[in-house]
Each structure stands twice: as C-alpha cells, then as structure tokens.
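No lab work stands behind these numbers, since they all come straight from the coordinates. Given the structure is predicted, the values throughout are model-derived calculations rather than measurements. Ideal geometry is used to build each Cβ from the backbone, glycine not excepted, and the neighbour counts take in all protein chains shown.
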Amino acid sequence: MSDPEPAGNGPLIHRRYVFGLLLRLCVNFAGGVGILFLILYFALSRPLPGDYAGVFHALRNLSPFLRPILAVSVLVYALLACGSTSALCVYILHKVAGPLYRMELVLDQYRSGAPMRTVSFRNDDQIQPLAQAFNRWIGTLRHDRQRWLATMKDAERHCLQDEATCRAEMEGALRKIAENLARYR
Amino acid sequence: MRNPALQPARPRIRYVSPRFQGPAVLAFAAIIVTGGAIFWKLVDGKFQQVFLNAAIRGHYAFNSAYDIGRDLLAWHLAGLFAGVFLTGSVLVLLLVAATRHGIGKAVDSLRASADGDLSTPTGTGSIGEFDRFGEKIDAARSETLASVLKIRSEAAALAAGGISPEEFRLRWDELKQRIRRIAP
C-alpha cells in the first residue's frame, strides 16, 4: 500500500481520473458504433427474393436504397455519440471545472475584502494543490499580519511610560514592520 | 424554530462551466462528426460497388445483403471506433496536459506569493479559461502587493520622525486599520 502524499504535493490530476475518463469514452464510442451496427444490420439483413432475377434486381437497386439509410444511421450515430459524450464531458470535467469556478469566487471574495474561510474542495475533485497553495498564501499573509499587529501592540504598551519612550518604541516597531514588509516584492 | 424562507440560500455547486467544458464538448463533437462523415463517405462508396459486383457475378449463395457486406461493414465500423477513440484519447491527453500546465502555473504562482513574490506574472498560458484564471490570481496578488507597499511606505514615513504627536497617533491608528484589512 502506498503512503498518502503530503498535503500540497499531490498530483493536480490523478492518473485514475484520466484512465476513468478514457474508459468511459471507450464505452461511449463503442456504444455509438454498436448502435450504428444494429441499424445497418437490420437494414441489410432483410432476406433477398428467392428467384435468380429477383436477387439480381434487388442487389442492383440496393445501393441507391441504402444511401439514405446509411446517411440517417450515421446521423443517428453522430447525434447519440455527441449527446452522450457531451453529458460525459460535463459529468467528468466538473471535477476540474467546479474547483476552478469555486476558486474564482474565492478570489473575487478576497479582492472584495470580505472575510474568508479556508478553501476546500470536494473529496473526489481534482486540482486539490490549488486550494492548498491558496490557503498557504493566505495563511502566510494572516500570520504576517498578526505579527505586525503584535509588534505595534507591543510598542503601544510602552505608552504607559513617558511620551518619548513611547514614540521611540513606536518608531522602532514601524522600522521593524517596514523591514518585514521588504520581503514582499 | 428557524424559518427556512429566511435562511440564506446555500451556494450551489456548479457542474457546468461553459468556458471550460464547452470547448471540450465542441472538440469531441467535431471528432465524432468528422469520423461519421468519413465512415459514411467510405462505406457509401464501397456499397455502390460491392452489391453491383455481387449482382453481376451471379452464384447467389447468400441469404441477405448483410452476408455480402458483413466484412466490409465490420472493418469500417472497427476503423470508425478506433479512429474516433484514438483521436478522442489524444484530445483527453491534450486537455489534461493543458490543465496541468495552466493550473500548475497558478499553483506555482500562489506558492511564490506565500514566499513574498507577488509581482512575477502567473503565466498560465493562452488557453482561454486558464488565462482568465491566471489574470484573476495576478489581480489579487497585485492588489495585495499594492496594499503591502502602501503599508510599508507609510510605516517608513512614520518611522522617519518629524511628525507632530497628534498626527503621528492618527496615522498610527490608520496604519493598524490598514494592516487589519490584509487577508481578513
């Protein structure tokens, strides 16, 4: 049994997901071809007339007769295969499209300045490292914010002493914060 | 007891994102339609010959037209399936590669952001949905960088001194408020 992968280092898209998609596509296309075969089988398997002349004329006239049947059967195949493949695409790709859409909402929420919670996707969703990377970024920002506010609060404590000490401590705290902020570029 | 009408609507999980799934659906549809058209063209052409040849040849040892065209049909159907499935598989692999590339860049960009790099562009590529997503990430990062730089310059200006105590206190409190607004 393989060990669970560390958070944030997992694959963006699992191999199982890709194989599952290919397998479903295979079944889907096989079904479409099967339906096409059935239509053509029923069109072609009508018994030919018993006598020689009847068979001759039937075979001679079969090609023009088969042309619309072939066209309609291919059309039916195309419509069915397109319909089922579209449904399959929507069903399978929502495991990528859903998280992507959710991340877009989260980014909009972040930009609007609204309070945010940790982002998490559904269990079977793909692109999980995206949520983990975003959470790490926001976590780092929050950690830094708390550190800067703590530095300021610490400086404010000195205001219980004389004014000059308070001001000196505050200016020292501000220099420290400015130095800390220098890592952002 | 809570009135369900007053409860906020739970956000719906969206399964359909036309910008992402739409092009994939269209690409698969194009493959299927192209495969069908090629199949129709080939089989129609062959049917025109094979039944005429069988009629002329005589010795009708078959019960139906299916007995004549069975092998032809089987090979062409197998070709249709193989062609459509293989092309579809290539498309799936391309989609997966594009997703890995686009989202991989976004993940790298967010990881770099956690390390303080908020200015390097995400560069998710030119594929519509990922490009738009990368732009959103870049917009969020650049806004964060702008507010961080503003805080930094304000902190540096206050630390430089030469400000009256009243103004200093006022700007100190404003700075605290500004810091509180980062990643609320």
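Note on A:Asp144, A:Asp51, B:Asp67: ascending count of other Cβ atoms within 10 Å places them as A:Asp51, B:Asp67, A:Asp144, the fewest first.
The ratio of the alpha-carbon radius of gyration of chain B to the globular-protein estimate 2.2 N^0.38 Å is 2.04. When each of B:Val43, A:Val106 is scored by the number of other beta-carbon atoms lying within 10 Å, the sequence from fewest to most is A:Val106, B:Val43. Inter-chain neighbour count for B:40-53: the average number of beta-carbon atoms from partner chains within 10 Å of each residue's beta-carbon is 4. Estimated from the Cβ-Cβ distance and a Förster radius of 56 angstrom, the FRET efficiency linking B:Ala97 and B:Ile56 is about 0.60. Dimensions of the protein assembly as shown based on its C-alpha atoms, expressed as ranges along the principal axes with the largest first, amount to 122, 51, 42 Å. Sparse packing (at most 16 other Cβ atoms within 10 Å of the Cβ) combined with a DSSP loop state is found for the following chymotrypsin sites (Phe, Trp or Tyr not before Pro) in the range B:44-149: B:Phe62. This ranking places A:Ser112, A:Ser86 by how few other beta-carbon atoms lie within 10 Å of each, fewest first, which gives A:Ser112, A:Ser86.
Relative contact order of the range A:60-185: 13 percent, from C-alpha pairs under 8 Å at least 6 residues apart in sequence. Applying 1/(1 + (r/R0)^6) with R0 = 45 Å to the Cβ-Cβ distance of A:Ala168 and A:Arg16, what FRET efficiency is obtained, to the nearest 0.05? The pair A:Ala168/A:Arg16 has a calculated efficiency of 0.15. The calculated FRET efficiency for B:Glu166 paired with A:Lys153, based on their beta-carbon distance and R0 = 25 Å, is about 0.75.
The slack in the chain from B:Ala74 to B:Leu26, taken as 0.36 nm per residue of separation less the alpha-carbon distance, amounts to 14.5 nm. Taking every C-alpha pair closer than 8 Å and separated by at least 6 residues, the mean separation divided by the residue count of the range A:1-118 gives a relative contact order of 29 percent.
Per residue, the average separation of C-alpha pairs within less than 8 Å and at least 6 apart gives chain B a relative contact order of 15 percent. The mean number of Cβ atoms from other chains found within 10 Å of a Cβ in peptide A:46-58 is 3, as a whole number.
Pairs A:Lys176/B:Lys136; A:Lys176/B:Lys105; A:Lys176/B:Lys176; A:Lys95/B:Lys105: which are spaced more than 26 Å apart, C-alpha to C-alpha? Listed pairs above 26 Å: A:Lys176/B:Lys136; A:Lys176/B:Lys105.
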